[in-house]
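Notes follow the structure.
The values are calculated or read from the model by the stated rules, or taken from the named source; none is laboratory data. Please read these numbers as outputs of a predicted model, since none were measured by experiment. Glycine gets a Cβ as well: all are built from the backbone with ideal geometry, and neighbour counts include every protein chain shown. Quick note on the areas: whole protein, heavy atoms, side chains included, nothing else; ligands and nucleic acids left out. Shrake-Rupley method; radii C 1.70, N 1.55, O 1.52, S 1.80 Å.
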Amino acid sequence: MKSEHNPKSLNWAKHQKRWFGKWHLYIGIIAGAIVAFVGLTGSILVFQDDIDRALNPNLFEVIAGKQKMPVEEIVPLIKKNYPRLKIDYLFLGDIKNPIEAYSITNLKTNEQTFINPYNGKISGKRIYTSSFIRVVTELHRTLLIPVAGRYICGLASLCLLILTISGLRLWIPKKWKQLKSVLTVRFSGSFKRQNYDWHNSLGFYSSPIVAILSLTGFSITFSTLVIPLLFLLSGKSPQGVAKLLGAKSAWHAQATPLPLTAIVGAAKEKMPNAYIGGIAFPADKMGTYRLDMVSGNLPKVGKREMLIVDQYTGKTLLNSRKDFPNVGNAYLSWLTPIHYGSFGGRPTQVIAIIAGLIPLALFITGFIIWWPRYKKQKKGKKKQLALDGHQENHITDKVLKPAKTKLPLPKLGRYFIIQFKSGLKYALVILPISFVMGALYGLPSGIIIQPAIFVVAFSCVMVCLNFICALLSEMFNILFLWPFKKGSHKVTRYFALSTAFLVCYLAVYMLLLNTGFEVF
């Protein structure tokens with residue numbers, strides 16, 4: 001039996017490598033430079049707050065006093081001293097840092113005004129859109145391209161994930177005895193050999209973190225797709241949440257806005273163990289207060305929560321702790337900290353910086369591998385064309401090789417079942433790998449469970465999106481191609497594998513939703 005099945009498995013392994021190789025090559029050529037640039041700017045943003053403060057110490061730092069004024073006291077004082085100063089958003093930052101200033105943002109003029117938290121006086125101003133960190137942020141998120149740039153960067157994150165997966169498949173050695181050679185760099189070899197080893201080794205060792213950064217980057221960019229899916233998977237209506245987020249204050253002709261003390265009091269009543277990190281003020285008579293609350297110490301930057309309060313009645317229109325499912329709160333608190341490595345403090349930030357630089361290193365080493373092969377292939381094609389022209393008159397003298405006979409494929413239903421079982425095997429291997437990836441990221445800081453669960457849960461979102469694409473492809477395949485005998489078993493295989501992954505990931509997601517997410 002072994003002698004019969006080994007050749008088939010070997011052929012399938014070769015086919016897989018060829019298939020993954022094409023994806024790895026073409027995506028690397030098309031998107032490699034963008035991926036490298038987004039990773040480089042992302043590395044800078046890991047310490048964005050520290051860099052911004054270091055470049056502008058006169059704006060962010062004040063002389064420490066006895067106690068910072070709370071928001072309900074300082075806002076009336078600011079409005080009294082500076083009646084023309086428009087407050088759209090007041091950022092209080094880390095209340096434990098005695099020398100950190102408060103900041104006010106005017107969304108219309110992009111002006112940022114810094115306030116001394118001890119006396120309510122202006123300590124500095126700037127146009128925040130022209131600051132170094134803001135420019136780097138826009139480069140990282142949009143490449144400074146209006147509208148389309150955001151989605152280009154989001155797709156670049158997806159390309160990085162595909163490059164990581166395909167690179168790992170190409171990295172797997174044929175025999176276990178070759179494992180050492182693919183895990184190390186042979187410094188005694190030629191430059192070409194060392195470059196190849198560096199490409200393989202860097203890609204393998206960085207793959208867990210790079211995959212997580214690409215996953216979170218995609219989730220941030222395409223939040224309009226990701227968030228509704230998270231709520232659907234949690235049994236909540238996305239429309240209901242959208243309605244809550246878009247809630248309006250109950251305005252009427254005799255309505256009088258409540259003093260800020262009442263709004264803050266309502267917030268403290270709902271979340272007594274949290275402090276206000278920032279507050280968005282009503283934009284108009286129908287507007288609401290949005291209070292960004294921070295509680296706990298996991299992640300180390302604090303657990304982010306949200307309250308939306310009616311400006312006239314003080315009624316809580318949205319409480320993220322109550323109205324969001326566990327996974328929604330995980331998205332709010334963990335997505336950005338995991339993307340920039342801030343959830344575990346300095347250890348995970350350093351890891352995030354290195355991981356952000358890896359795509360650039362892989363792009364350079366990959367280009368050095370590809371370019372000589374491309375030139376050689378180009379020369380080979382020219383020689384072949386010349387040879388074909390020379391032998392054009394003698395083609396009848398060639399002995400044609402008999403075409404390989406293809407074995408008939410099983411019927412579509414049976415073929416789906418076979419591939420579905422194969423997909424289950426893949427999913428049961430990749431699922432624990434996803435968990436381990438997140439655990440490795442948080443290991444240096446001692447925060448292991450949360451990032452591990454987060455990676456598995458948000459991988460489930462990617463699996464769901466992939467399944468939707470596979471389902472649409474298979475529907476087109478069956479409805480419009482098979483009736484004309486143009487249908488493809490490859491599409492059915494893609495659909496079967498995607499279905500298997502969906503079943504496995506959904507089962508684990510539901511388990512985590514009812515147990516593991518309590519840690520968030």
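Quick rundown of the values:
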quantity: Rg(Cα)/(2.2 N^0.38 Å) for the stretch 58-146, N = residue count; calculated: 1.18
quantity: Estimated [θ] at 222 nm from DSSP helical runs (n ≥ 4, -39500 (n - 2.57)) normalised by residues in the chain, nearest 500; calculated: -21000 deg cm²/dmol
quantity: Given charges at beta-carbon only (K, R positive; D, E negative), |dipole| of the chain in Debye; calculated: 2660
quantity: Translational diffusion of the stretch 282-326, µm² s⁻¹ [Kirkwood Rh, Cα pairs; Stokes-Einstein; 25 °C; 0.890 mPa s]; calculated: 212
quantity: Accessible surface, per residue, of the stretch 234-331 when the full set of protein chains is kept, probe 1.4 Å, Å²; calculated: 48
quantity: Separation between Cα centres of the stretch 296-334 and the stretch 103-142, rounded to whole Å; calculated: 24
quantity: Rounded to 5, percent antiparallel among DSSP beta bridges of the chain; calculated: 100
quantity: Spatial extent of the stretch 145-250: Rg and Dmax, with the Cα atoms as the point set, Å; calculated: 21.0, 75
quantity: Accessible surface of the chain [probe 1.4 Å, protein heavy atoms]: carbon and sulfur percent; calculated: 65
quantity: Charge-dipole axis of the chain as Lys and Arg at +1 and Asp and Glu at -1 on Cβ define it, positive-most pick from Gly302, Ala457, Val62; calculated: Ala457
quantity: Solvent-accessible surface ranking, highest first, for Trp370, Trp251, Trp176 at 1.4 angstrom; calculated: Trp176, Trp251, Trp370
quantity: Per-pair calculated FRET efficiency, R0 = 41 Å: Arg346 and Leu481 via Cβ, rounded to 0.05; calculated: 0.15
quantity: Listed peptides 141-148, 98-105, 288-295 by packing density, highest first (mean Cβ within 10 Å); calculated: 288-295, 98-105, 141-148
quantity: Residue-level accessible surface for Asp50, protein heavy atoms, 1.4 Å, Å²; calculated: 70
quantity: Cα gyration tensor shape for the chain, rounded if a/c is under 1.5, else prolate or oblate; calculated: prolate
quantity: Surrounding net charge for Pro337, when Lys and Arg each add one and Asp and Glu each subtract one, Cβ distance under 11 Å; calculated: +3
quantity: Accessible surface, per residue, of the stretch 37-81 when the full set of protein chains is kept, probe 1.4 Å, Å²; calculated: 56
quantity: Å² of accessible area per residue within the stretch 95-149, as computed with a 1.4 Å probe and no ligands counted; calculated: 51
